[in-house]
Amino acid sequence: MTELAPVTPAPDPVAQDELFPIREVARLTGINPVTLRAWERRYGLIQPTRTESGHRLYSMHDVEAVREILGWIERGVAVSKVGKILAKNRAVQAQGKAPLDDALQGEYGQWRDQLKLAVSAFDEELLERLYGQIFSSYALPVVFQDIFLPFWKQLLQVRDGFGQTSEWLFLDGFLRARITQRLLLQRAGQSRQLLLTALNEQCRELELLVAALMLGHDQLGVRLLGPGAPLEELTLVCEKLQPVALVVFSNHAPTAELPKRLQRLALTLDCPLMLAGDAADLAQDSLSGSPVACLGNEGRLMQKRLRQFLSGRLDT
């Protein structure tokens, strides 16, 4: 196990193995008890335990599941479809990494506890030190998908609370600045470059920056085109930049027209077109057999599929 920097443990009001009544889950997530019961009865999205008298009790895992469900609904996915998406995503992620054992999960949790201390104190020096320690200890996908992004998303979900918005902005700005610097260094001197853009308002800047880090490697730099570029103009941009591929990123549920628009775009490009992010999993069936490749939303799998597609070993 990686040695952690000594630090006073963060005060944690909810122990990992503690069980919560439905009213406390409603307070933690902002979802009212009526909705929580409906998600359980109608869709089977959460399965709390029951006391002998029949009262529901929720674990911290259940609370995190509720937040994940809410995230999908906010992206435009109907609640009736969320269960299938969650099951599919977990199966896809399992292909890219082995399940984490309890010790490793606990280790990542300790790092997030330390990050919580730094962010709540707005201590940039401590945050910088933790950032360096984490990057020197783990592979890139672990750094973001298991440590930084879960904490960032947790702050994002509760940012409406007093003081929470400022904490989230502090962490978000810190990470965006550091990742932008890494991308510039990664891209320097690379003759082969990938162009990455996002559909308008369908991801946050940090999510796009993290995707860029995941997709780039020692033989391929990533150039970012800010969110909001019209799909119809991307052909012109690619003609001028000559990227090895164009990746469109979205974390929202795709509209019925998106697959058709992407297929039309692919026919006008001189480079491969790919879709990444949560939308890639949601649109995979409708894009099957088309010129558009779906990279998925999990960092390890995204880079693997990108390499396979560029080498001609991944079917669309």
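The values are calculated or read from the model by the stated rules, or taken from the named source; none is laboratory data. From a predicted model like this one, the values you see are computed outputs, not experimental measurements. Quick reminder, even Gly has a Cβ in these numbers, built from the backbone with ideal geometry, and neighbours come from all protein chains shown.
Brief remarks follow.
- Candidate set from region 216-240 (those that are at pLDDT below 90 and in a helix (DSSP H, G or I)); member that is farthest from ILE179 (Cα to Cα): GLU232
- Restricting the first member to region 167-196 and to residues that are closer than 27 Å to LEU234 by Cβ, and the second to residues that are in a helix (DSSP H, G or I) and of a type in the set (Gly, Ala, Ser), the beta-carbon pairs closer than 7 Å and six or more apart or on different chains are LEU183/ALA212; LEU196/ALA211; LEU196/ALA212.
- Test: residue in region 271-282 that is over 21 Å from CYS203 (Cα atoms) and without any contact (Cβ under 8 Å) to a residue 24 or more places away in the chain: no
- Some residue of region 244-261 being more than 25 Å from GLN308 (Cβ to Cβ), aliphatic (A, V, I, L, M) and touching a helix residue (DSSP H, G or I) at 6+ places or on another chain (Cβ under 6 Å): yes
- Single residue of region 108-151 satisfying the filter (under 16 Å from the mean Cα position of the chain (by Cα) and β-branched (Val, Ile, Thr)) that is surrounded by the fewest Cβ atoms within 10 Å (Cβ to Cβ): VAL142
- Applying the set (1) closer than 20 Å to ASN251 by Cα; (2) crowded, with 17+ Cβ neighbours inside 10 Å; (3) not aromatic (Phe, Trp, Tyr) to GLN154 leaves exactly one unmet item: (2).
- Neighbours by Cβ (under 7 Å, 6+ apart or cross-chain): first from region 283-296, in the same structural domain as ALA211 (by TED's automatic domain parsing) and among the polar types (S, T, N, Q); second buried (at least 22 other Cβ atoms within 10 Å of the Cβ) and in a strand (DSSP E or B): GLN284/CYS294
- Some residue of region 15-22 being of a type in the set (Asp, Glu), part of a loop (DSSP other than H, G, I, E, B), touching a helix residue (DSSP H, G or I) at 6+ places or on another chain (Cβ under 9 Å) and at pLDDT 70 or above: yes
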